[in-house]
Amino acid sequence: MKIKHVVLLHIILLLFSFAEVLGKLASSEEFFSMKFILIYGGMIGVLVLYAFFWQQILKRMPLVFAYANKAVTVLWGLVFGVLLFGEQITVKKILGVVLVGIGILVYSIGESHARE
């Protein structure tokens with residue numbers, strides 16, 4: 001598996017995380033207001049792009065590897081929460097992100113050694 005495919009996977013997962021940001025923004029608007037419809041439509045557009053690129057990346061790597069890396073969206077959720085919504089970073093949140101990151105690394109390293 002090429003490193004460029006792993007980088008592309010993580011860019012796609014960042015895009016997926018951004019859809020959740022748009023969902024949260026839409027939830028703060030009045031239901032069916034013009035602003036709600038535009039933000040929600042943007043979220044759907046981002047999810048369509050994500051679905052297209054997800055299918056393309058699956059042509060280039062095993063599903064189990066790609067899906068295991070999907071957990072990185074926890075990190076992006078924390079980053080977006082802090083930067084865009086002023087949420088607080090707690091020790092528990094950091095510990096959770098670190099554990100998820102370690103899990104992804106352990107799986108990715110194990111997967112690469114299994115192929116050798």
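Readers should treat all values here as calculations from the given coordinates under stated rules, not as data from a laboratory. Keep in mind it's a predicted model, so treat the numbers as computed, not measured. Note: ideal-geometry Cβ built from the backbone for every residue, glycine included; neighbour counts use all protein chains shown.
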- Query: Has the range 16-37 got any residue that is crowded, with 17+ Cβ neighbours inside 10 Å and of a type in the set (D, E, K, R)?
  - Reply: yes
- Filtering the range 1-52 for residues that are touching a residue at least 40 places away in the same chain (Cβ under 8 Å) and small (G, A, S) leaves a count of 1
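Which residue is farthest from L47 (Cα to Cα), if the candidates are limited to the range 4-14 and must be of a type in the set (A, V, I, L, M) and surrounded by fewer than 16 Cβ atoms within 10 Å (Cβ to Cβ)? Outline the logic, then answer.
Taking the range 4-14 and keeping what is of a type in the set (A, V, I, L, M), we get 6-9, 11-14.
Next, from what is left, pick out any that are surrounded by fewer than 16 Cβ atoms within 10 Å (Cβ to Cβ): 7, 11.
Working: V7: 19, I11: 13 Å.
So the residue we want is V7.
Does L83 satisfy being loosely packed, with under 14 Cβ neighbours inside 10 Å, out of contact with any Lys or Arg (no Cβ under 8 Å at 6 or more places or on another chain) and of a type in the set (A, V, I, L, M)?
Yes; evaluated as a whole, the condition is true for this residue.
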- Query: Does the range 54-86 hold any residues that are among the polar types (S, T, N, Q) and touching a residue at least 24 places away in the same chain (Cβ under 8 Å), and which are they?
  - Reply: N69, T73
